[in-house]
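Report on one structure; see the data block that follows.
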Amino acid sequence: MSTAPAPQRVLAFDFGLQRVGLAVGNALTQSAEALRTLHASGDARWPLIAAALKEWQPDALVVGVPRHPDGADHEMTARCQKFARQLHGRFGLPVHEVDERYTSVEAEASGAKDIDAEAARLIAAQYLSSLP
C-alpha cells in the first residue's frame, strides 16, 4: 500500500466573504510566510487565486475552517468547506482543512499589518506542524 508523499510547498487560505488571506508554507524548512490578502468576492477571486497558484506552484492547498470554541460548526464552517471543495475542483490539487480557531485574533494581537495574510500564515504553520 503506497501513501502519497507529503507536500513540499503549500498555499494556505484564510477564507472570508470579501477577503482571502494567502500564505505559503515549506515542509522542508517547516516555515510559513504571509503573502497578501486578495480583496475580492465571488467569482472575482478565482483569477487572483489562479495567479497565486501559478506564481507559487504549490503541491497542496490548505484552507482554514473556523469552528466555535467547543468545536461546533458555525455559519462560516460550511462556507469554508465549500471553498475547499471548489479549490480542489478548479485546480485539481489536494486540499487539506485545518481548524483555524483564533488565527485572526492571534494575527491581530501580534500587530500584523495584514491580518488576513498573517492568519493564513498561522494556518499554514499549523498544517506543517501536523505533518509526520
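Considering each residue of segment 81-119, count those that are basic (Lys, Arg) and in contact with a Cys (Cβ under 8 Å, 6 or more places away or on another chain), and give that number.
Taking segment 81-119 and keeping what is basic (Lys, Arg), we get 82, 85, 90, 101, 113.
Those left that are additionally in contact with a Cys (Cβ under 8 Å, 6 or more places away or on another chain): none.
Going through segment 81-119 one residue at a time, the tally reaches 0.
Out of everything in segment 108-132 that is within 16 Å of VAL65 (Cα to Cα) and in contact with a Lys or Arg (Cβ under 8 Å, 6 or more places away or on another chain), what residue ends up being surrounded by the most Cβ atoms within 10 Å (Cβ to Cβ)?
ASP116
Test each condition in (1) buried (at least 20 other Cβ atoms within 10 Å of the Cβ); (2) within 24 Å of ALA50 (Cβ to Cβ); (3) touching a residue at least 60 places away in the same chain (Cβ under 8 Å) for SER104 and report the one that comes out false.
All conditions are met except number (2).
Output the residues belonging to segment 60-97 that are touching a Ser or Thr at 6+ places or on another chain (Cβ under 8 Å) and either assigned to a helix (DSSP H, G or I) or under 20 Å from LEU38 (Cα atoms) (or both).
Once the filter is applied, which keeps residues that are touching a Ser or Thr at 6+ places or on another chain (Cβ under 8 Å) and either assigned to a helix (DSSP H, G or I) or under 20 Å from LEU38 (Cα atoms) (or both), segment 60-97 yields GLY64, VAL65, PRO66.
Of the residues that sit in segment 80-130 and are within 12 Å of the chain's Cα centre (by Cα) and among the aromatic types (Phe, Trp, Tyr), which one is nearest to LEU28 (Cα to Cα)?
TYR127
Condition check: outside any helix (DSSP H, G or I), charged (D, E, K, R) and farther than 17 Å from ARG45 by Cα. Does GLU108 satisfy that? Don't jump to the end; show me each part of the working.
Working: outside any helix (DSSP H, G or I): no; charged (D, E, K, R): yes; farther than 17 Å from ARG45 by Cα: yes.
No.
In the list LEU38, LEU87, which residue meets the criterion of being farther than 15 Å from ALA117 by Cβ and in contact (Cβ under 8 Å) with a residue 12 or more places away in the chain? Step through it out loud before you land on a result.
Numbers: LEU38 fails: farther than 15 Å from ALA117 by Cβ.
One residue alone meets the criteria, LEU87.
Return the pairs, sorted by first residue and then second, in which the second residue is surrounded by 11 or more Cβ atoms within 10 Å (Cβ to Cβ) and at pLDDT 95 or above, the first residue lies in segment 43-59 and is on the phi < 0 side of the Ramachandran plot and outside any helix (DSSP H, G or I), the beta carbons are less than 6 Å apart, and the residues are 6+ apart or on different chains.
PRO58/ARG9; PRO58/VAL10; PRO58/LEU11; ASP59/ARG9
So which residues in segment 17-34 are more than 13 Å from LEU61 (Cβ to Cβ), of a type outside the set (Asp, Glu) and either in contact with a Cys (Cβ under 7 Å, 6 or more places away or on another chain) or surrounded by fewer than 22 Cβ atoms within 10 Å (Cβ to Cβ) (or both), if there are any at all?
LEU17, GLN18, ARG19, ASN26, ALA27, LEU28, THR29, GLN30, SER31 - these are the residues of segment 17-34 that are more than 13 Å from LEU61 (Cβ to Cβ), of a type outside the set (Asp, Glu) and either in contact with a Cys (Cβ under 7 Å, 6 or more places away or on another chain) or surrounded by fewer than 22 Cβ atoms within 10 Å (Cβ to Cβ) (or both).
The values are calculated or read from the model by the stated rules, or taken from the named source; none is laboratory data. Here the structure is a predicted model, which is why all the values come from computation and not from measurement. Counting neighbours? That spans all protein chains shown, and the Cβs are built from the backbone with ideal geometry, glycine included.
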